[in-house]
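Only one structure is covered here, and it is reproduced in the block below.
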Amino acid sequence: MVLAALADLVLPAECAGCGSAHVPLRQGACAACAAALRALRPRVVRPDPAPPGLPACVAAGEYAGPLREALLAYKERGRVSLAAPLGALLAESVATAAGGTRRPVLLVPVPSTPAAIRARHGDHVRRLADRAARTLRRAGWPAAVAQPVRALPKPDATHLDSAQRAIAAAAAFRLRPARLPRTVRAAAGRTVVVVDDIVTTGSTLAALTAMLMRADIAVEAAALIAATRKRHPQ
Ligand SMILES: [Zn+2]
């Protein structure tokens, strides 16, 4: 993390939002893109059709423009230092999703598959969740992260319809029995928020929520960094 942040300072990196080179960067973005990201306000989003069991979803912004480019740079091009600004955006989504109750929150990141973890040099959603929790704690809001579920290698879901997607998503996760009791204890007295980077169909969030609910972990909401277009704002 520190090395990646230093690399952004000493290497001629491009702006993660617009690709501009030879411009001053702050947290990986030029002034215009940083301002665009700062201007985002979390809002409730709902995939249409929403899969059964999908919790209330809050996203920091639409998956477009500098936000989309920054997420791609972070996920696909190894700009790990972008976890800081993206994690801060996720923290704002969590704050909205948790309803401003100021109850302590427990973030449960959607687990990455082993292949994604290898390709992306770590679990990119877990890293964002850790960043978001840190941002919230700095603001005086108790926040912790738990990962009681792991992801199995998943087949290509591109050509599946929504019902088939739901079945595939439900088969994609396994509980981690060794971590479960601790997570159930941690969830008591906290608002549990499932977190992911992007929501598209919502089938992954619904499947993870259902699995946690069956394990006596009551999910309150889902918080995302971005929602793909074709969402219906409420
Ligand atoms: Zn830019």
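The values are calculated or read from the model by the stated rules, or taken from the named source; none is laboratory data. Since we're looking at a predicted model, the values are computed, not measured. Cβ atoms come from the backbone with ideal geometry, glycine included; neighbour counts cover every protein chain shown. With ligands, DNA and RNA removed, areas are computed over all heavy atoms of the protein, side chains included. Shrake-Rupley method; radii C 1.70, N 1.55, O 1.52, S 1.80 Å.
Points to keep in mind about this one:
- Of all residues in the stretch 163-188, those being of a type in the set (Gly, Ala, Ser), open to solvent by 50 Å² or more (accessible area, probe 1.4 Å) and touching a residue at least 24 places away in the same chain (Cβ under 8 Å) number 1.
- Within the stretch 49-73, the set of residues being among the hydrophobic types (A, V, I, L, M, F, W, C), assigned to a strand (DSSP E or B) and open to solvent by less than 50 Å² (accessible area, probe 1.4 Å) comprises Cys57, Val58, Ala59, Ala60.
- Filtered residues of the stretch 130-151 (kept if in a loop (DSSP other than H, G, I, E, B) and of a type in the set (A, V, I, L, M)): Ala139, Ala146
- Close contacts from the stretch 202-219, counting a first residue that is within 17 Å of Ala186 (Cα to Cα) and in contact (Cβ under 8 Å) with a residue 40 or more places away in the chain and a second that is open to solvent by less than 10 Å² (accessible area, probe 1.4 Å) and part of a helix (DSSP H, G or I), with Cβ to Cβ under 6 Å and a gap of 6+ residues or different chains, come to Val219/Thr209; Val219/Leu212.
- Whenever a residue of the stretch 20-46 is among the basic types (Lys, Arg), its partners that are within 14 Å of the ligand (Cβ to nearest atom), lying with C-beta atoms within less than 6 angstrom and at least six residues away or across chains, give the pairs Arg26/Ala34.
- Hey, Ala32 open to solvent by 40 Å² or more (accessible area, probe 1.4 Å), away from the ligand (no atom under 13 Å from the Cβ) and among the aliphatic types (A, V, I, L, M) or not: no
- Pick from the stretch 35-48, criterion hydrophobic (A, V, I, L, M, F, W, C) and surrounded by fewer than 21 Cβ atoms within 10 Å (Cβ to Cβ), ranking: nearest to Gly65 (Cα to Cα): Ala36
Conditions (1) under 25 Å from Asp48 (Cβ atoms); (2) modelled with pLDDT of 95 or more, marked per residue:
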residue: Arg134; (1), (2): no, yes
residue: Lys154; (1), (2): yes, no
residue: His159; (1), (2): yes, no
residue: Ala163; (1), (2): yes, no
residue: Val193; (1), (2): yes, yes
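- The set of residues in the stretch 106-129 being among the aliphatic types (A, V, I, L, M), under 9 Å from the mean Cα position of the chain (by Cα) and part of a helix (DSSP H, G or I) consists of Val125, Leu128, Ala129.
- Scanning the stretch 168-179 for residues that are modelled with pLDDT of 80 or more and within 17 Å of Ala207 (Cβ to Cβ) yields a total of 6.
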